[in-house]
Each structure stands twice: as structure tokens, then as C-alpha cells.
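> Take a look at the following structure, please.
The values are calculated or read from the model by the stated rules, or taken from the named source; none is laboratory data. Small disclaimer: the values here were computed from a predicted structure and weren't measured. So basically every Cβ, Gly included, is an ideal-geometry build from the backbone, and we count neighbours across all protein chains shown. Surface accessibility is based on the protein's heavy atoms, side chains included, excluding ligands, DNA and RNA. Shrake-Rupley method; radii C 1.70, N 1.55, O 1.52, S 1.80 Å.
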Amino acid sequence: MRTLLTNATLVDCVHPRAVERAAVLIEDGRIREIRTDGSAPEAGDATVIDLSGACLMPGLWDVHIHPDYYAVDDMPLADQVTLFGHRLMAALTDSGIIGLRCAGSHSYMDVAWKRAFDSGQYVGPRLFASGHFLTTTGGHFLTSGHALECDGPYGFVKAIREQIKNGVDHIKLNLSGGIMGPAWDRHQNSFLLQEELKAAFDICHLREFKVMAHATNPEAVKNAIRLGAHSVEHGYIMDDECIELFLKHDTWYVPTLAISHLTPDQATNDWEQRWVTQRNLAHALCCRADAASDVHRAGFAKALAAGVKMALGSDIRPLKEAALLELGLWVRDGATPWQALVAATRNGAAICGVGHELGTIEVGKLADLIVVDGNPLEDIQNVRRLQLVLKEGVVVSDKRRS
Ligand SMILES: [Zn+2]
């Protein structure tokens, strides 16, 4: 099967500028040829789609997600599983998010949906599963319904082995508190004993599973990096040594700006206002977020300036809006649209271990692409003007006439 995309404004996420009148030929799901000299490859039997100057770019990635929370009394488990899948599929078709990395889910719903998408039963995004969010008794995120309370070195080891047995891709390990939680769950505090930390990281190393580490204060961030975490999530408070360690160990950082930045007092545009209104967050939690925001922003800016490897993860819901809001926050906090876009494409694929196959528009890569009406390098909000979504060269969403 061949598809020829013509008259594209190409943002390949390799080169930091758009190329007009580009053409891309896709064959059997992969990018076969790219022309940027105004000519187009011979169409032959290919389906030709004239993009009329719209912007062709790699699909988006959100690498810190919780598609939904699990609530025992709200609806039967089976209904919650289908809703979870719906959230994922809507992210792909409504917003062009083609890759997602889970940071916690109940009953291995993420594993089940990953298998359903990979087998072709359903058209959905590429999903990387974590299973449960592993914390301590009295730990963080207990209201999510998918936190598993573990205690003692062997408590963590057993829980990690259970996640592995159930088919996860990586282990989500909680090292410290958070902004969204009861009064005793504070992001300034670390939660695990050294023996627990060591055991958890040891078993992950033995089994060769990557650790996605929730770390929110300097001590937790440094522990995570020194013990070999693949990525550090949040980093609400970071000192200079944290930044040095990121660089020294080549560790990924996923800042999740949305958590501290999206409150009624901080919303700066209509999308943020609407989201904040719908979320209707408790006043006490808004205060905690507002208080954490400046330090979080400063750490993000420092990491960005130092060249720490960073990928975009939202940590908020609904998925189809989350990554778009987070992209806006990156730019608001000083990232260029180019830096934000790379974090949400090339680096998203790389942090998930598939950077050689996805994340940019290059010959040989899988054709998971989106078309948006406007250049996001000029205004990052242009990613919202979605026209087409292609997965392995097949159009899975067409919004051009709707
Ligand atoms: Zn999270």
C-alpha cells in the first residue's frame, strides 16, 4: 500500500525549521521518500493526498499519563475498562497523540489496551504500560485507585515482580510526596527507606525493567538518578546538584508543569481557563499548586538551559486535552516552540525506547504522522488545528471537512 502526501509544509522534528512544498511517500506503513525541492515522487498506484500547504509533522507523544482513575463505587470494573480505552482512542483521533506512556493504572487496564491496539482489534495509540503506581502505606496518590501500598524491601520486590508478571513495560516507583494529596502527603518529603529504595531498584536492574521515578524534592531526585532511574518525573524542587546528576547519568526528565501551573489564579488563556473551571480543584490544592509553581518553573528553566534530556508528559486528564495544555505551558515557561515540539515528538519516542522507529519524519521510519492547519513553530497552539492523523501510513482520523 502506498500513500503520497503532497504540498506539505514539513516540520520533520529533525531540522528546526519548516520546509514548504514538500512531498512524502509512504509505502507499507513506512516513510519511503521525502522531497523538499518542490518536486514529488511518481504517484503510480499511490493514493495521493494534497495537503494544500498544511503542516505535516510527527504524531504527538505524552509520556506521563493516567487515562483514568479507578473508583470502586462509581461503575462496574468492566465499564471502567471500556472507558479507559475510549480515553486512549480519543487522544489519537481527536488530538493526534500517537504515543503514550502510562504512569499508573488499575487492574492492568493499560496492559490490556496495549495488547488490544497492538493486535489490531482496535485502532489506538502506541501505549507503554506501567501497571500500578507503587508507593508506601500512607504514600502518594492513594485517591487514584491505582496506587499499590508496599512496605519493606520485600514488599516492593514482590509488587514489582507482580507488575512484571502481568506484562508491564516499565515500573512506576513513587519516591516522595506530591502536590495533590492530603496534608500528610507533601512533595518536600521522601517516603522510602534506603533499604526499600535499594531493593526496588535492585530487582528492576536484575529483571532489566526501566524505572519511571516519581521524585519531587532534591533528595528524591538524586536518589532516583544515582540508583539508575530511566526517568525522573515532576522534579518540583531541584538544586544545582540535581541538574549536574541528570547530565552525568544521562537521565530523562519529565517536568509535568500542568500539576503546579493549572489553577484559576495562573490560567492565562481560554483553553486553560476552561480546563481549570471544569476541573474545579479544591481550594487547598490550588493553594499548594500556586505555592509550588515558581520553584517548579525555575527548575524546569535550569534543566532546559543545561541541556538535560526532557520529554513532554502532562499527568492530567482528559488525555486529548492534556498534552496540548502541557505544550502551551512549556512555551509559557520559556521553551521555544521547537524545544516543546521535540519534547513531544522525537524525545517522546526516545524515552519509550522506540526513537529508531518513530518520533521524526525520516526515511525508513514508521509513518505515524499528523497534519495541522498552521505551523506550530510559529505558534505552538497550531497543534490544536488538527486535520489528519495517520498511523503506519493509514488515515485513522480526518477532520478536514468536519
Ligand atoms: Zn502521575
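> If you roll a 1.4 Å probe over the stretch 218-315 with all protein chains in place, what percent of the accessible area is carbon or sulfur?
Ligands and nucleic acids excluded, carbon and sulfur reach 52 percent.
> When the helix-only estimate is applied to the chain (DSSP H runs of n ≥ 4, each -39,500 (n - 2.57), divided by the residue count), what is the mean residue ellipticity at 222 nm, nearest 500 deg cm²/dmol?
-11000 deg cm²/dmol
> Treat each spin label as a single point 7 Å out from the Cα along the C-beta direction, and report the residue 143 to residue 36 distance in nm.
4.8 nm
> Right, here's the next one. Treat each spin label as a single point 7 Å out from the Cα along the C-beta direction, and report the residue 118 to residue 198 distance in nm.
According to this spin-label approximation, the distance is 3.4 nm.
> Give, rounded to the nearest 20 debye, the magnitude of the charge dipole that the stretch 42-124 has about its Cα centre when Lys and Arg contribute +1 at Cβ and Asp and Glu contribute -1 at Cβ.
240 debye
> For 140, 15, 356, what's the largest-to-smallest order of accessible area, 1.4 Å probe?
Of 140, 15, 356, the descending order of accessible area is 356, 15, 140.
> Sort 284-296, 257-269 by packing, meaning the average of other beta carbons within 10 Å per residue, with the highest value first.
Sorting 284-296, 257-269 by mean packing, highest first, produces 257-269, 284-296.
> Here's a follow-up. Under a no-solvent Debye model with one identical scatterer per Cα of the stretch 1-133, what's log10 I(q)/I(0) at q = 0.19 Å⁻¹?
Values returned for q = 0.19 Å⁻¹ are -1.01.
> Related question: Enter the angle in degrees (range 0 to 90, nearest 10) between the Cα long axis of helix 194-207 and the first principal axis of the Cα atoms of the chain, meaning the one along which they spread out most.
40 degrees
> For a Förster distance of 45 Å, can you work out the FRET efficiency between the beta-carbons of residue 305 and residue 79, rounded to the nearest 0.05?
With a Förster radius of 45 Å, E is 0.45.
> Another one. Return the FRET efficiency for the residue pair residue 28, residue 94: r is the Cβ-Cβ distance, R0 is 30 Å, and the value is rounded to the nearest 0.05.
0.65
> Could you tell me which of 298, 13, 142 has its Cα farthest along the dipole of the chain towards the positive end, charges placed at Cβ (Lys, Arg +1; Asp, Glu -1), taken about the Cα centre?
13
> Between 0 and 90 degrees, rounded to the nearest ten: what's the tilt of helix 109-118 against the longest Cα principal axis of the chain?
Tilt of helix 109-118: around 20 degrees.
> Additional query: Could you give the size of the charge dipole of the stretch 167-318 about its Cα centre, using +1 on the Cβ of each K and R and -1 on the Cβ of each D and E, expressed in debye and rounded to the nearest 20?
220 debye
> Let me ask something else about it. Going highest first, how would you order 123-131, 234-242 by mean Cβ packing within 10 Å?
So the order, starting with the most tightly packed, is 123-131, 234-242.
> Another question, if that's okay. How large are Rg and Dmax for the chain when calculated on the C-alpha trace, in angstrom?
20.7, 66
> Let me know the charge dipole size of the chain about its Cα centre in debye, to the nearest 20, where only the beta-carbon of Lys, Arg (+1) and Asp, Glu (-1) is charged.
For this selection, approximately 280 debye.
> A further question follows. For the stretch 326-334, in order, what is each residue's ³J(HN,Hα) by Karplus, 6.51 cos²θ - 1.76 cosθ + 1.60 with θ = phi - 60°, in whole Hz (x at glycine and Pro)?
Karplus-based 3J(HN,Hα) across the stretch 326-334 equals 5, 4, x, 5, 4, 5, 4, 8, x Hz.
> In Å², and per residue, what accessible area does the stretch 345-402 have when probed at 1.4 Å with the other protein chains present?
I get 38 Å² per residue for the stretch 345-402.
> With the dipole of the chain worked out from charges on the C-beta (+1 for Lys and Arg, -1 for Asp and Glu) around the Cα centre, which of 53, 336, 377 lies farthest toward the positive end?
It is 53, whose Cα lies furthest towards the positive end.
> How would you order 310-320, 245-255 from highest to lowest mean count of nearby Cβ atoms within 10 Å?
Those peptides, ordered most packed to least, come out 310-320, 245-255.
> On to the next question. Over 22 Å between Cα atoms: which of 309/391; 222/309; 248/302; 114/309; 365/391; 198/302 fall into that group?
309/391; 114/309; 198/302
> Grab the Cα-Cα distance for residue 269 and residue 291, subtract it from 0.36 nm times how many residues apart they are, and report the gain in nm with one decimal.
5.9 nm
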